[in-house]
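See structure below.
The values are calculated or read from the model by the stated rules, or taken from the named source; none is laboratory data. As the structure is a prediction and not an experimental result, all values here were calculated from the model. Cβ placement follows ideal geometry from the backbone for every residue including glycine, while neighbour counts extend to all protein chains displayed.
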Ligand code: BGC
């Protein structure tokens with residue numbers, strides 16, 4: 001067996017182990033957390049474009065929409081409508097810190113179970129909503145589900161996966177997000193013709209995956225890492241044997257024990273995160289999530305039906321175009337699963353920056369030159385916009401989408417993993433909130449300029465990737481410090497040993 005050097009200085013053999021049926025089952029069940037996140041992302045745009053929904057909760061927007069051609073860019077600009085979409089993410093932001101505590105104290109499985117209770121309750125409140133307060137409250141409860149789910153699932157997948165397919169298994173989370181977005185798009189396409197309760201069906205059907213996740217979360221195991229970290233050594237060993245389908249687990253077991261011992265010595269993971277040696281993974285985790293959102297992806301995911309109506313499609317054509325971009329999103333994510341452990345993370349991110357920069361700029365130019373506040377694009381121009389959006393989504397889906405989640409889940413050492421990942425999740429939620437809350441107003445004020453705004457961000461993130469993001473392909477999680485951070489021209493300056501910091505370490 002080849003040996004690797006751990007961050008703790010020991011030599012640990014790389015581990016073998018089959019991909020057991022049980023692991024596959026656990027992956028599928030947990031990935032339903034991603035599906036629900038995706039469903040929530042994809043459903044709100046279609047629902048907020050439905051007249052029945054607007055008449056019931058947002059009569060002002062409905063009135064404005066009737067005079068659609070008065071101002072293309074502003075017809076949906078309403079802060080309450082945006083609040084409907086964005087409230088979920090602010091709740092998820094707050095919930096992810098609580099989820100991080102639950103995740104390290106009670107395990108990934110319990111965190112997922114709590115998340116699925118929130119999902120079921122949130123769906124019931126939304127689908128049964130009789131007034132705006134109830135519907136928005138339902139979204140806040142769903143947001144707590146997202147906070148707990150997004151904290152637990154990527155960590156659960158990374159810890160459950162045999163090391164050699166960690167990247168691919170982790171991206172299953174993103175794959176399920178994209179499937180959720182697609183299903184939501186398809187459901188909206190049909191329910192928009194069901195009056196007056198189509199929107200209730202759209203929101204209520206999230207109950208199906210929510211119940212599957214709830215029931216399934218009782219069938220999955222806790223990860224060996226979490227069990228061992230919480231002193232349940234024998235159970236951890238037995239689980240490791242079960243998920244690897246072999247008795248030959250001594251090497252992997254030892255490496256988890258070493259990592260857990262280091263983790264247990266850290267009294268306050270959040271304070272440890274503030275130490276210089278934690279800076280490289282922390283800065284990268286946060287920055288990747290901020291950049292992921294400022295690619296502008298959710299302007300498309302949330303508001304694609306609105307956007308496509310803006311460029312001149314009718315309601316049905318707009319929803320159909322949303323389904324097409326949803327399909328592109330799913331299939332391009334598969335490309336990422338295939339290439340991430342071969343081409344590497346940097347290569348995918350950089351290529352996508354070029355692709356997304358060009359498409360955002362061309363969309364901006366097209367709208368600037370041809371879409372006036374009143375009037376619409378010709379159908380040929382509108383189709384070009386849809387094609388450009390597809391090429392843009394393609395680039396995002398094989399890079400910033402999955403890698404925004406993968407890289408933060410594989411670069412923190414165990415002692416700061418849940419705390420560091422919580423910072424990543426909450427940064428993502430904060431920026432998702434900002435985009436959800438601001439996009440329609442930004443479009444109203446900046447008009448076509450909004451696309452240049454995102455293109456500028458893409459340029460910045462390309463430069464960051466080029467100079468500051470190290471490659472983590474094929475590097476075992478426990479070797480990041482030695483093989484990545486200590487070798488990097490910039491980040492190595494933070495790699496000073498703070499092992500003996502009294503504030504962080506329990507003496508013993
Ligand atoms: C992002 C979401 C986005 C989705 C699109 C995810 O990685 O976190 O905000 O809507 O990808 O597929």
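Quick notes on this one:
- Yes/no for residue 385 being part of a helix (DSSP H, G or I), buried (at least 17 other Cβ atoms within 10 Å of the Cβ), within 14 Å of the ligand (Cβ to nearest atom) and in contact (Cβ under 8 Å) with a residue 24 or more places away in the chain: no
- Residue selected from segment 402-419 under the condition more than 16 Å from residue 279 (Cβ to Cβ) and more than 16 Å from the ligand (Cβ to nearest atom), by the criterion modelled with the highest pLDDT: 418
Each row is one residue, and each column tells you yes or no for (1) touching a residue at least 24 places away in the same chain (Cβ under 8 Å); (2) under 27 Å from residue 229 (Cβ atoms); (3) within 11 Å of the ligand (Cβ to nearest atom).
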site: 265; (1), (2), (3): yes, yes, no
site: 275; (1), (2), (3): yes, yes, no
site: 287; (1), (2), (3): yes, no, no
site: 290; (1), (2), (3): yes, no, no
site: 299; (1), (2), (3): yes, no, yes
site: 319; (1), (2), (3): yes, no, no
site: 322; (1), (2), (3): yes, no, no
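- Of all positions in segment 126-138, none carries a residue that is surrounded by 24 or more Cβ atoms within 10 Å (Cβ to Cβ) and under 20 Å from the mean Cα position of the chain (by Cα).
- Boolean, residue 377 is away from the ligand (no atom under 16 Å from the Cβ), surrounded by fewer than 22 Cβ atoms within 10 Å (Cβ to Cβ) and assigned to a helix (DSSP H, G or I): no
- Among the candidates 345, 271, residue that is modelled with pLDDT under 95 and either touching a strand residue (DSSP E or B) at 6+ places or on another chain (Cβ under 6 Å) or within 15 Å of residue 407 (Cβ to Cβ) (or both): 345
- The set of residues in segment 223-251 that are surrounded by 21 or more Cβ atoms within 10 Å (Cβ to Cβ) and either outside any helix (DSSP H, G or I) or in contact (Cβ under 8 Å) with a residue 40 or more places away in the chain (or both) comprises 223, 224, 225, 226, 227, 229, 243, 244, 249.
- The residues of segment 93-108 that are modelled with pLDDT of 95 or more, in a helix (DSSP H, G or I) and more than 19 Å from the chain's Cα centre (by Cα), listed by number, are 102, 106.
- Any hit, segment 329-340, residues being away from the ligand (no atom under 16 Å from the Cβ), at pLDDT 85 or above and either outside any helix (DSSP H, G or I) or surrounded by fewer than 24 Cβ atoms within 10 Å (Cβ to Cβ) (or both): yes
- Residue-level check: of (1) more than 26 Å from residue 187 (Cα to Cα); (2) in a helix (DSSP H, G or I); (3) touching a helix residue (DSSP H, G or I) at 6+ places or on another chain (Cβ under 6 Å), residue 308 misses just (1).
- Residue check for residue 175: within 16 Å of the ligand (Cβ to nearest atom) and in contact (Cβ under 8 Å) with a residue 12 or more places away in the chain: yes
- Residue match in segment 189-203 (condition: within 29 Å of residue 340 (Cα to Cα) and modelled with pLDDT of 95 or more): no
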